[in-house]
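The structure appears below as structure tokens.
Each reported figure results from applying straightforward, stated rules to the coordinates on display, with no laboratory input. Owing to the predicted nature of the structure, the values given are computational and were not obtained by experimental measurement. Cβ placement follows ideal geometry from the backbone for every residue including glycine, while neighbour counts extend to all protein chains displayed.
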Amino acid sequence: MEYLDDSVNLGRPSSNLIGKYMRTEHLPQIWCAGCSNGIVMRDVVQAIDNLHLDRDKTIIVSGIGCSSRAAGYMDFNTIHTTHGRALAFATGIKLANPRLSVIVIAGDGDIAAIGGNHLIHAARRNVGMTVVIMNNNIYGMTGGQFSPTTPTGAIGTTAPYGALDRTFDILNLAIGAGATYAARGSAFHVPQTIGLIQEGIRHKGFSIIDVVSTCPTYYGRANKSGGAVDMLAWQRDNMVPIAKAAKMSPEELKGKLVLGLLHQSEHPEYTEAYQELIRHIDEVRSHGF
Amino acid sequence: MGKVVLMQGNEACAEGAIAAGMRLYAGYPITPSTEIAEIAAYRLPHVGGMFIQMEDEIASIACAIGASVTGVKAMTATSGPGFSLKQENLGYAMMTEIPLVVVDVQRVGPSSGMPTSPAQGDVMMARWGTHGDHPVIALCPSSVKETYELTIRAFNLSEKYRTPVLLMMDEMIAHLREGVVLPEPGMIEIVNRTSVVDPDPKRPPYQVEPGQLVPAMAPFGAGQRYNITGLVHDESGFPTNSKTAAEKLMNRLMHKISDNYDDIVTHEELGMEDAEIAIFCYGGTMRAALTAMEEAREKGIKCGIFRAITLWPFPEKELEKATRHVRRILVAEHNYGQMVLEVERVVKGRCRVDFIGKYFGAVIAPADIMKRLEESNDGISR
């Protein structure tokens, strides 16, 4: 599934999308020049538009960090929660009203460090929601500390000699925990990422899309990655579509990131299973058992 | 008049919550509150409600807040260690004005403490646990029946004032079983939040309309697309760094509770009319105080009881008035001395304030209180 054909509506020009879905009175956003969060936010909105979701029934949930500010700019029901806890809030929203479409926007520190436990269990329960990660390998809001996805050896303000910690593949964790849809996109690969988010929203159950993002201001400067364009070019040159990756040797894949749908499986969606339980109990009781 | 049923405190809490309209419970197992979760898990699907066991205490309160945002009444229950963990999102619910009931069945602390032993050591955490200044309503039952009633009241207050309400139980009442007569369903007063019926997209979601106590709340999914944030926000619901907006918000959050003190605060007085000595207590400690008072009266000691039902706001006006003529107040609580500080603050040195506390898992017995009541005036004073 490469989404390079005409099947994905790119919705150009972007200004149409901004007028339709953004709270323009709160723009411009607070993100730094060159930050890719805006690209990813646009991808989410385009996917929503392509699917014709009822915006009154679409909930955007976020935690804390640069990524989480996206919620405030998007004209839906939006809730900016506490650091790492977005998935737990989202679980309550979906459980209480299963007819709502719940989309969580999170950063790598938010979802994989402080929110790691919630990620494991939201994936395990298979609650119907879509998680889009703006994964920029750094804590940007607090000024460039290393995160769980900072590559080993890379510099952060709290890793002045290079991070000793092993870097973290969030999707491997999510798949291991039972996520029924896991995909990787990137800020550079816009059509593919829109397609992956779109399919994630359509998927029945817990879907997670790890979008490789860029933070030129903190990560880029500290690690001499060049400017915003250079960092996007890195994604272009080092991300391999999954179909192509399948034909490559482990040596050839070293240092590369696989792009596309990495995992999809079927499992009962949690809120449906619970509604079924309610119906079953009701039936048993009405028969006087 | 309903029939008499034998009920445990935790059970009364779960049943009271369902009677109040709770339709989502999110929790995590912890002694001595677990029965609340167990009963909720069994009962909720029978009334079309939902139970979920979350991965931890933090997620439990977050899940309950999420449900409440969609218009569903929600609750979580825990004990000391879990109550510590919930403080973060408790502050979030206070700041964002999301109705919610949080139950803390207190046990001996700090840390893991004594999981099965009673205490009342979380009452100051109930007031000051989450960071920053914040409004608090905390209720404290002293019988199984009152647990049922106060759980309903906790929901009603949370809906009315759009704020989380704490039900501060203790292990004594949580695990006590007694015969209770529950009110008929039709006889229970149920308060529901003022919901936005016909959403106007231009209406600032945090604007208080004339004659309203709090902003009307639009459930997520009902058509008003607005933003909720734990950051300081103005009436539009969007974050702001304006000092004026921050001051206005904080004042409104604090005043919605303090201005309605008379509506919120309740207490009980027994024998205070002619009392020379007052026992100040709350929660399960009331049981020993009652027996001690009866014994003291038989021995000619003019003793009365002042019981706080609302711990926060502290019933300061009532306490001040009720104790004007006493020469001594004996504060009995299951901790190292917490609410005694409030009593001293209210009394302002007008009379002696003594303290009896047990903070090591033992229960204050009537004899313990009796001994202190019989002390002469020059007994050990705080």
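Each label point is 7 Å from the Cα along the Cα-to-Cβ direction; what then is the distance between the points at A:GLU272 and B:ASN241, in nm?
Modelled inter-label distance: 4.7 nm.
Specify, per residue and in Å³, the volume enclosed by the convex hull of the alpha carbon atoms belonging to the range B:4-187. Write down the numbers at each step before the final one.
On the way: hull volume 18.0 nm³, N = 184.
Taking the convex hull of the Cα positions in the range B:4-187, it is 98 Å³ per residue.
In debye, nearest 20, what is the charge dipole magnitude of the range A:14-286 about its Cα centre with +1 on Lys and Arg Cβ and -1 on Asp and Glu Cβ, if you could check? Display every interim value, and only then the final one.
Numbers: 24 positive and 22 negative charges, 37 e Å.
For the range A:14-286, the charge dipole is close to 180 debye.
Evaluate the charge dipole of the range B:268-373 about its Cα centre and quote only its size in Debye, nearest 20, assuming +1 on the Cβ of each Lys and Arg and -1 on the Cβ of each Asp and Glu.
Values: 17 positive and 16 negative charges, 64 e Å.
Using Cβ point charges on Lys, Arg, Asp and Glu, the range B:268-373 gives about 300 debye.
Taking the simple approach of a point 7 Å from Cα along Cα-to-Cβ for both A:ASN9 and A:VAL284, what is their distance in nm?
With each label placed 7 Å out from Cα toward Cβ, I get 4.6 nm.
Please enumerate, by chain and number, the lysines with C-alpha under 17 Å from the C-alpha of B:LYS299, excluding those fewer than 8 residues away in the same chain.
Output for B:LYS299: B:LYS371.
So how tilted is helix B:285-298 from the main axis of chain B? Cα-based, degrees 0 to 90, rounded to 10.
Result, in degrees: 30.
Please count, across the range A:14-286, the pairs of lysine residues with Cα atoms under 26 Å apart that sit 8 or more places apart or on different chains.
Within the range A:14-286, the lysine pair count is 10.
Between the DSSP loop rule and a limit of at most 15 other Cβ atoms within 10 Å, which GluC sites (Glu not before Pro) in the range B:258-364 are left?
Listed in order of number, the matching sites are B:GLU273, B:GLU276.
Based on the Kirkwood radius over alpha-carbon pairs, what value in µm²/s does the Stokes-Einstein equation return for the translational diffusion coefficient of the range A:120-232 at 4 °C and 1.567 mPa s? All intermediate terms of the calculation are to be shown ahead of the outcome.
Working: Rh = 14.8 Å.
Answer from the Stokes-Einstein relation: 87 µm²/s.
Whole-Hz ³J(HN,Hα) for each residue in the range B:213-224, computed from phi via Karplus 6.51 cos²θ - 1.76 cosθ + 1.60 with θ = phi - 60°, x for glycine and proline: what do you get?
For the range B:213-224, the Karplus curve yields 7, 9, x, 5, 10, 8, x, 4, x, 8, x, 9 Hz.
What are the semi-axes of the equivalent ellipsoid of the protein assembly as shown, taken as the square roots of 5 times the eigenvalues of the Cα gyration tensor, listed largest first and rounded to whole Å?
Working: eigenvalues 534, 131, 109 Å².
Semi-axes (√(5λ), whole Å): 52, 26, 23.
Where does the charge balance sit around B:PRO315 when Lys and Arg score +1, Asp and Glu -1, over other residues with C-beta under 11 Å from its C-beta? Numbers along the way, then the final one.
Numbers: positive: B:ARG307, B:LYS317, B:LYS321; negative: B:ASP262, B:GLU268, B:GLU269, B:GLU316, B:GLU318, B:GLU320, B:GLU342.
That sum, taken over residues with Cβ under 11 Å, equals -4.
What FRET efficiency comes out for B:ASN260 versus A:LYS247 if R0 is 60 angstrom and r is the Cβ-Cβ distance? Round to the nearest 0.05. Please report the intermediate quantities before stating the final value.
Values: r = 70 Å, r/R0 = 1.16.
That pair, B:ASN260 with A:LYS247, gives E of 0.30.
With just the Cα atoms defining each centre, how far is the range A:116-137 from the range A:205-251? Give it in Å.
One Cα centre to the other: 20 Å.
Of all chymotrypsin sites (Phe, Trp or Tyr not before Pro) in the range B:1-96, which ones are in loop regions per DSSP and have a Cβ with at most 13 other Cβ atoms within 10 Å?
Working: sites: B:TYR25, B:TYR42, B:PHE51, B:PHE83, B:TYR92; in loops: none.
Passing sites in the range B:1-96 do not exist.
Once you have the alpha carbon radius of gyration of chain B, what is it after dividing by 2.2 N^0.38 Å, with N set to its residue count? Before the final figure, lay out the partial values.
On the way: Rg = 21.1 Å, N = 382, 2.2 N^0.38 = 21.1 Å.
So the Cα radius of gyration is 1.00 times the expected 2.2 N^0.38 Å.
As I understand it, the dipole of the protein assembly as shown uses +1 on the Cβ of Lys and Arg and -1 on the Cβ of Asp and Glu, about the Cα centre. Which of A:GLY143, B:SER117, B:ILE36 lies farthest toward its positive end?
Positive-most Cα among the choices belongs to A:GLY143.
What do you get for Rg/Rh of the range B:98-214 when both radii come from the Cα atoms and Rh is the Kirkwood radius?
Working: Rg = 17.5 Å, Rh = 16.5 Å.
Across the range B:98-214, the Cα-based Rg/Rh ratio is 1.06.
Give the relative contact order (percent, whole number) for chain B; include only Cα pairs under 8 Å separated by 6+ residues. Provide the component values of the computation, followed by the final result.
Working: 830 pairs, mean separation 60.2, N = 382.
Answer for chain B is 16 percent.
Counting Lys +1, Arg +1, Asp -1, Glu -1, what net charge surrounds A:ARG55 among other residues with beta carbon under 10 Å of its beta carbon? Present the calculation step by step, with values, prior to reporting the outcome.
Details: positive: A:LYS20, A:LYS57, B:ARG225; negative: A:ASP49, A:ASP54, A:ASP56, A:ASP75.
Value of the local net charge: -1.
Could you work out the local net charge near B:GLY284, counting Lys and Arg as +1, Asp and Glu as -1, over the other residues with Cβ closer than 9 Å to its Cβ?
Values: positive: B:ARG287; negative: B:ASP170, B:GLU171.
Here the charged neighbours net out to -1.
How much of the DSSP beta bridge set in the protein assembly as shown is antiparallel, as a percent to the nearest 5? All intermediate terms of the calculation are to be shown ahead of the outcome.
On the way: 22 of 91 bridges.
Of those bridges, close to 25 percent are antiparallel.
Which FRET efficiency, nearest 0.05, do B:GLU344 and B:ARG177 yield, Cβ-Cβ r, R0 41 Å? Working shown, then result.
On the way: r = 36 Å, r/R0 = 0.87.
The formula returns an efficiency of 0.70 here.
Projecting each Cα onto the charge dipole of the protein assembly as shown (Lys/Arg +1, Asp/Glu -1 at the beta carbon, about the Cα centre), which of B:PRO135, A:PRO216, B:ILE305 comes out farthest on the positive side?
A:PRO216
For the protein assembly as shown, what is the charge dipole size about the Cα centre, in debye to the nearest 20, if Lys and Arg each add +1 at the Cβ and Asp and Glu each add -1 at the Cβ? Kindly include the intermediate steps, with their values, before the conclusion.
On the way: 63 positive and 73 negative charges, 207 e Å.
Approximately 1000 debye in magnitude.
What are the ³J(HN,Hα) values, in whole Hz, obtained from phi via the Karplus relation 6.51 cos²θ - 1.76 cosθ + 1.60 with θ = phi - 60°, for each residue of the range B:234-246 in sequence order, with x given for Gly and Pro?
Result, ordered by residue: 9, 5, 6, x, 9, x, 8, 9, 5, 5, 5, 5, 5 Hz.
Report the percentage of all Cα-Cα pairs in the range B:268-373 whose separation exceeds 21 Å, rounded to a whole percent. Don't skip to the end; give the middle numbers.
On the way: 1350 of 5565 pairs.
Of all Cα-Cα distances in the range B:268-373, 24 percent exceed 21 Å.
Which order do A:ILE208, B:ILE52 fall in if you start with the one that has the fewest other Cβ atoms within 10 Å?
Details: A:ILE208 31, B:ILE52 26.
Exposure proxy ranking, most exposed first: B:ILE52, A:ILE208.
Straight-line reach from B:LYS145: which aspartates and glutamates have Cα under 16 Å away, leaving out those fewer than 8 places along the same chain?
B:LYS145 reaches B:GLU11, B:GLU15, B:ASP170, B:GLU171, B:GLU178, B:GLU184, B:GLU189, B:GLU268.
Just to be sure I understand: with springs between alpha-carbon atoms less than 10 Å apart, which residue in B:ALA19, B:ALA174, B:ALA245 has the highest mean-square fluctuation in the Gaussian network model of chain B?
Highest fluctuation of the listed residues: B:ALA245.
Taking the Cα atoms of the range A:14-286, report the difference between the largest and smallest coordinate on each principal axis, in whole Å and largest first.
Result, largest extent first: 68, 47, 33 Å.
When a footprinting reagent is the concern and you count Cβ atoms within 10 Å, what order do B:ASP368, A:ASP75 take, fewest first? Working shown, then result.
Working: B:ASP368 16, A:ASP75 19.
So the ranking, lowest neighbour count to highest, is B:ASP368, A:ASP75.
What is the helix-to-structure angle for B:57-69, meaning the angle in degrees between its Cα long axis and the longest Cα principal axis of chain B, kept from 0 to 90 and rounded to the nearest 10?
Helix B:57-69 sits at roughly 60 degrees to that axis.
Quick check: Cα centre of the range A:52-101 to Cα centre of the range B:146-220, how many Å?
So the two Cα centres are separated by 24 Å.
So what's the angle, to the nearest 10 degrees on a 0 to 90 scale, between helix B:9-20 and the longest Cα principal axis of chain B?
Taking the Cα atoms of chain B, the angle to B:9-20 is about 40 degrees.
Could you give the longest part of chain A that holds none of the trypsin sites (Lys or Arg not before Pro) found in DSSP loops with at most 14 neighbouring Cβ atoms within 10 Å? Don't skip to the end; give the middle numbers.
On the way: sites that count: A:ARG99, A:ARG166, A:LYS204, A:LYS224, A:LYS247, A:LYS254, A:LYS256.
Result, exposed sites excluded: A:1-98.
Each residue of the range B:309-318 in turn: what ³J(HN,Hα) in whole Hz from Karplus with 6.51, -1.76, 1.60 and θ = phi - 60°, glycine and Pro shown as x?
Karplus values, whole Hz, x for Gly and Pro: 9, 8, 7, 9, x, 5, x, 5, 5, 5.
Using label points projected 7 Å from each Cα along Cα→Cβ, tell me how many nm separate B:ASP274 and B:ARG297, to one decimal.
1.0
Take the alpha-carbon centre of the range B:310-382, take the same for the range B:1-20, and report the distance between them in whole Å.
So the separation of the two Cα centres works out to 31 Å.
For the range B:308-336, list residues with backbone N below 14 Å from a point placed 7 Å from the Cα of B:MET114 toward its Cβ?
Residues B:334-336 qualify, since their backbone N sits under 14 Å from the label point.
Give me, ordered by chain and number, the residues 5 or more places off B:ILE356 or on other chains with an amide H under 5 Å from its own placed amide H.
Amide H to amide H, under 5 Å and 5 or more residues apart or across chains, B:ILE356 pairs with B:VAL331, B:ALA332, B:GLU333.
Would you be so kind as to identify which of B:GLN8, B:LEU341, B:TYR359 lies farthest towards the positive end of the dipole of chain B, taking Lys and Arg as +1 and Asp and Glu as -1 on Cβ and the Cα centre as origin?
Selected residue: B:LEU341.
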